[in-house]
Amino acid sequence: MICSDGYPEDLVEKYGGYLVKTDEPYSVFSLEKHPKHYLVVFGSADVSQCQTLEFINSTFVKCFAGVGKPKPLSYPRSRLTCIDYSFRMADDLVSYCSTRFMEENEATTILYTDYDDKTDDAIMHINTSSILNNS
């Protein structure tokens, strides 16, 4: 794990609060074999206790907190999103929760642990409205 914290209010303003709310827990990890590839997990305080994660599938992970057996974590309402390029929001999140220097990410995977399918409709409505109002 790189770090974890609560989602900053100014990032809600910068990136929108459609899927993540102010102070919602988030954790940032880097991949072992690709340290410039990040995993950002939103909505789980349990994940902040993990040093490493092992994905069994997109809804079930094992949390390794150091000593002892891994803790199973299940997120049946999760959504996994892969971004195959440098994603500024991931770097911003790291700058909020860590003081150590991290190079800019090259790719980011985001796990929303409690995703509401209705959010898609709300985002589409907001995006469509903004496009129509700006034309």
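The values are calculated or read from the model by the stated rules, or taken from the named source; none is laboratory data. The structure presented is a predicted model; accordingly, all values stated were derived computationally and were not measured. Cβ atoms come from the backbone with ideal geometry, glycine included; neighbour counts cover every protein chain shown. Just so you know, the surface numbers come from the protein's heavy atoms only, side chains and all, with ligands and any DNA or RNA stripped out. Shrake-Rupley method; radii C 1.70, N 1.55, O 1.52, S 1.80 Å.
Summary of computed values
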| item | result |
| --- | --- |
| Derived scalar couplings ³J(HN,Hα) [region 49-60; Karplus, 6.51 cos²θ - 1.76 cosθ + 1.60; whole Hz; x for Gly, Pro] | 8, 8, 7, 9, 10, 10, 7, 8, 7, 6, 10, 9 |
| Whole-angstrom Cα spans of region 19-122 along principal axes, big to small | 40, 36, 25 |
| In sequence order, calculated HN-Hα J values of region 69-83 (Karplus, 6.51, -1.76, 1.60; Hz; x Gly/Pro) | 6, x, 9, x, 10, 10, 10, x, 9, 7, 9, 10, 10, 10, 10 |
| Residue 77 - accessible surface, heavy atoms, 1.4 Å probe, Å² rounded to 10 | 120 |
| Along the chain, longest interval not containing exposed GluC sites (Glu not before Pro), exposed being DSSP loop plus at most 13 other Cβ atoms within 10 Å | 33-102 |
| Over the chain, relative contact order from alpha-carbon pairs under 8 Å, at least 6 apart, % | 24 |
| Mean accessible surface per residue for the chain, computed with a 1.4 Å probe while every protein chain stays in place, in Å² | 63 |
| Heavy-atom accessible surface of the chain: percent carbon and sulfur, 1.4 Å | 51 |
| For the chain, Cys with no neighbouring Cys Cβ under 4.7 Å | 82 |
| Of 52, 109, 99, the one that fluctuates the most in a GNM where the chain has Cα springs shorter than 10 Å | 99 |
| Diffusion constant of region 39-79 at 10 °C, which comes from Stokes-Einstein with the Kirkwood Cα-pair radius and 1.306 mPa s, µm²/s | 152 |
| The chain: most fluctuating residue of 98, 27, 78 per GNM, C-alpha cutoff 10 Å | 98 |
